[in-house]
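The values are calculated or read from the model by the stated rules, or taken from the named source; none is laboratory data. Computed from a predicted structure; not experimentally measured. Methodologically, a virtual Cβ is constructed for each residue, glycine included, from the backbone with ideal geometry; neighbour enumeration extends over all protein chains shown.
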Amino acid sequence: MSLDHVAVRHIARLARLAVAEDQLESLRSDLERVLHLFDDLAAANVDHLAPLAHPHDQSLGLRDDVVGEGDRSEELLALAPSSQGGYFLVPKVIE
Amino acid sequence: MSAASITALAADLAAGRTTAVHLAGQALQRAEAQRALNSFIRLDADAALAAAQAVDAERAAGRDLHLLAGIPFAHKDIFCTKGITTTCGSRMLQHFVPPYDAQVVESLARAGAVSIGKTNMDEFAMGSSNENSAYGAVTNPWGSAHVPGGSSGGSAAAVAAGIVPFATGTDTGGSIRQPAAFCGITGLKPTYGRVSRYGMIAYASSLDCAGVLARSAADCARVFDQIAGFDARDATSVDRPADPTADALEQPLAGLRIGVAREYFGGGVQDGVAARTHAALRELEKQGAVLVDITLPSAHHAIAAYYVIAPAEASSNLARYDGVRYGHRSTDARSLDELYSRSRAEGFGSEVQRRILVGTYALSAGYYDAYYLRAQKVRRLIANDFLGAFESVDLIAGPTAPTTAFRLGERSGDALAMYAADVNTVAVNLAGLPAISVPAGFAQDGLPVGLQLIATAFAESRLLNAAHQLQRVTDWHLQEPAA
């Protein structure tokens, strides 16, 4: 598996991580090394095996559809770096 | 500096020979005296002394108290503590003050155990050396040039240094067992789903487990019995009763079949580590356990499967850190998109960013089948290996880590060398099994070696029983580093 700068930029964009131009090459070679580790997966014989997503193959438990927690919006908004009038504030999205 | 066991301290408390306030003060003093270890991200002296006073008052009033009441300990800084900053070792959460307690925090507080602070860790539990902390590396009490292991490195160092008799930890790929081995203490990773993950900051949700690090298996049992159990607030919590493990500690080992996995003694395992592991197994054999050579043929695929699945889940879990709702926010973003990407680039350290990128790649269009889906099939293969082996043995054994604690800086520049430290631990998480690391003496370099025992799902009592019986006849777990 080989990666180029275009691919690294694309992944970083999907992950919403800002990457400076001068980090691109070291990040690329770094990721390429880690991805080589995964070549090993191709060698495993997994024909007819179902993927295992959860250790006990259990389905999630269901609970009654009742309100378990009250309104904590003020408490939670207080954690936000910026909020006003019950809303999270972000930079202007629409010009 | 004597490091008494939980049961000894509890007996002293019950008999009035000491008080919770005295024990908390002593733990805080020891933590201050050992600042150089950097095992704590924060100490909470006022809260600890207030909690200790409350326990002493209850005891004075003649109340029936839990065995852990008044015992000082520390929480890994991955557990949310209401009103107390919880950083997860990250700059991202430097100022994060959770509005609620994790289940593990709640249950230990309910028992009256006294938390003196939050321990250092690899950022978001991603690391095997504790060098990936935004709050500095932790050093190993057995040698200041060496790492304590990770990611629960602060918890392991604090226990090994005799600051606290136990500490909480989490284990996604070995993060309790490997630091326990490197620091010469006992570390229990429970069955997946046995301890609630509610309020435990997520790394890889199908692998993450809360557990305990202490000097002895008997101490681990006391703590585990308090934190284990069903919790409806964690959707993956297992709804079945948790039998007390402390009751099973004294069972004789006669006839216990222990599978010695050939693959766990493979190429990267140091001779001294293999020799100590065999020596510990011989002690178990002397007590009537039967050693059986077994093979786990897919074990060598575990690292690759783990380092696809864990980063994939991490890339999804850590998407929540967006600079909007909580956590670090970049101050020089001009658009919403820049706010996300700059806040994340500034808030996350390099290993966390690397795993997010790897995970994003493994889940992205065109690669999902070759990486993520295939890794999940390999996960099945590895789980089936264990199922097969457990048809003929009760426990599986091997060295916890292939080497003793490596030197600070020795592997921090090489991700693959760092990942290799997890070669014997990650498969257990992929299969969701319980496992324990038990001190097995010291290699020629004077550093501790850990024996790993693995059991079938929910058989923690069997693990703790075997580990306790080993510790009844050996004193490796009682050795203390020079202060």
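General observations
- When the stretch A:10-35 is filtered for residues that are charged (D, E, K, R) and farther than 16 Å from B:Ser315 by Cα, the ones remaining, listed by number, are A:Glu21, A:Asp22, A:Glu25, A:Arg28, A:Asp30, A:Glu32, A:Arg33.
- The listed residues are B:Leu433, B:Leu447, and the only one of them that is within 16 Å of B:Gln178 (Cα to Cα), of a type outside the set (Lys, Arg) and either modelled with pLDDT under 95 or surrounded by fewer than 24 Cβ atoms within 10 Å (Cβ to Cβ) (or both) turns out to be B:Leu447.
- Subset tally (residues that are closer than 17 Å to B:Glu123 by Cβ, outside any helix (DSSP H, G or I) and facing chain A (nearest Cβ under 8 Å)) for the stretch B:329-362: 1
- Residue in the stretch B:372-388 that is over 30 Å from B:Ala145 (Cα atoms), more than 10 Å from chain A (Cβ to nearest Cβ) and over 25 Å from the mean Cα position of the chain (by Cα) present: yes
Per-residue answers, yes or no, for (1) under 22 Å from B:Gly83 (Cβ atoms); (2) part of a helix (DSSP H, G or I); (3) at pLDDT 95 or above:
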position	(1), (2), (3)
B:Ala8	no, yes, yes
B:Asp12	no, yes, yes
B:Gly16	no, no, yes
B:Leu23	no, yes, yes
B:Leu28	yes, yes, yes
B:Ala36	no, yes, yes
B:Ala50	yes, yes, yes
B:Arg59	no, yes, yes
B:Gly62	no, no, yes
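- Exactly one residue out of B:Ile227, B:Ile309, B:Ile303 is buried (at least 19 other Cβ atoms within 10 Å of the Cβ) and more than 14 Å from chain A (Cβ to nearest Cβ): that is B:Ile227.
- Failed item in (1) part of a loop (DSSP other than H, G, I, E, B); (2) among the hydroxyl-bearing types (Ser, Thr, Tyr); (3) within 20 Å of B:Asp122 (Cβ to Cβ), with B:Thr170 passing the rest: (1)
- The set of residues in the stretch B:313-328 that are more than 14 Å from A:Pro81 (Cβ to Cβ) and within 7 Å of chain A (Cβ to nearest Cβ) contains only B:Ser315.
- Residue match in the stretch B:391-413 (condition: surrounded by fewer than 20 Cβ atoms within 10 Å (Cβ to Cβ), touching a helix residue (DSSP H, G or I) at 6+ places or on another chain (Cβ under 8 Å) and not in a loop (DSSP other than H, G, I, E, B)): no
- Of all residues in the stretch A:1-18 being assigned to a loop (DSSP other than H, G, I, E, B) and more than 7 Å from chain B (Cβ to nearest Cβ), the one that is surrounded by the most Cβ atoms within 10 Å (Cβ to Cβ): A:Leu3
- Options A:Pro55, A:Pro81: the member that is touching a Gly at 6+ places or on another chain (Cβ under 7 Å), modelled with pLDDT of 90 or more, facing chain B (nearest Cβ under 9 Å) and not in a helix (DSSP H, G or I): A:Pro81
- For the stretch B:18-43, a tally of residues being surrounded by 23 or more Cβ atoms within 10 Å (Cβ to Cβ), within 22 Å of the chain's Cα centre (by Cα) and farther than 24 Å from B:Trp142 by Cβ returns 0.
- Checked against the criterion of being facing chain B (nearest Cβ under 8 Å), in a loop (DSSP other than H, G, I, E, B) and free of Cβ contacts under 8 Å to residues at least 24 places away in the same chain, the stretch A:20-41 has no qualifying residue.
- Scanning the stretch B:365-396 for residues that are over 16 Å from A:Phe38 (Cα atoms), among the small types (Gly, Ala, Ser) and in contact (Cβ under 8 Å) with a residue 24 or more places away in the chain yields a total of 3.
- Considering the stretch B:397-420, the residues that are touching a residue at least 24 places away in the same chain (Cβ under 8 Å) and within 14 Å of chain A (Cβ to nearest Cβ) include one that is farthest from B:Ala261 (Cα to Cα), namely B:Ser412.
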